[in-house]
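The values are calculated or read from the model by the stated rules, or taken from the named source; none is laboratory data. These figures come from a predicted structure and were not determined experimentally. Every residue, glycine among them, receives a Cβ derived from its backbone with ideal geometry; neighbour counts consider all protein chains shown.
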């Protein structure tokens, strides 16, 4: 059983892309990898272009011999590219639509790239705010559901987020 996560990002075209991550979705792994290795718009969009992921690692390129069955250490494992599954590249019109995509799944952590910053939270816990990756300062990426323009029927979803500090990356 993995710790599932969703990576959601606002793309250059204004749409919201997302990818599912099956293994090690905890902030101590996926959060750190995103902060350290996927910290530009180009890298984030390259990662989303891979579709759903089995495992996120330092590199998203494909070295010789890297497959789903025989992964090379340090390289991301993508279901479509490395296992021949259907490519699932998502483009949603809004952040709330992207979040809704994971409502009835086992996703535990959500990572959102917005305006050049990663924020994250536990998907199913009812508290407020998002934590910023890379330090232990809390940020309010979406101050309130009302300010974010979220319809009333979907506002509870944005409250399913826990503040979770990350140790400073030094």
Does residue 85 satisfy the condition of being touching a helix residue (DSSP H, G or I) at 6+ places or on another chain (Cβ under 6 Å) and assigned to a loop (DSSP other than H, G, I, E, B)?
yes
Kindly indicate the residue of region 4-28 that is modelled with pLDDT under 90 and touching a strand residue (DSSP E or B) at 6+ places or on another chain (Cβ under 9 Å) and also nearest to residue 120 (Cα to Cα) among those meeting that condition.
27
Could you list, in sequence order, all residues of region 11-52 that are in contact with a helix residue (DSSP H, G or I) (Cβ under 8 Å, 6 or more places away or on another chain), over 22 Å from residue 82 (Cβ atoms) and surrounded by fewer than 21 Cβ atoms within 10 Å (Cβ to Cβ)?
11, 12
Taking region 61-85, which residues are surrounded by fewer than 20 Cβ atoms within 10 Å (Cβ to Cβ) and within 18 Å of the chain's Cα centre (by Cα)?
75, 80
So residue 99, is it buried (at least 20 other Cβ atoms within 10 Å of the Cβ), touching a helix residue (DSSP H, G or I) at 6+ places or on another chain (Cβ under 8 Å) and part of a loop (DSSP other than H, G, I, E, B)
no
Looking at region 48-67, is at least one residue free of Cβ contacts under 8 Å to residues at least 12 places away in the same chain, over 14 Å from residue 7 (Cβ atoms) and in a helix (DSSP H, G or I)?
no
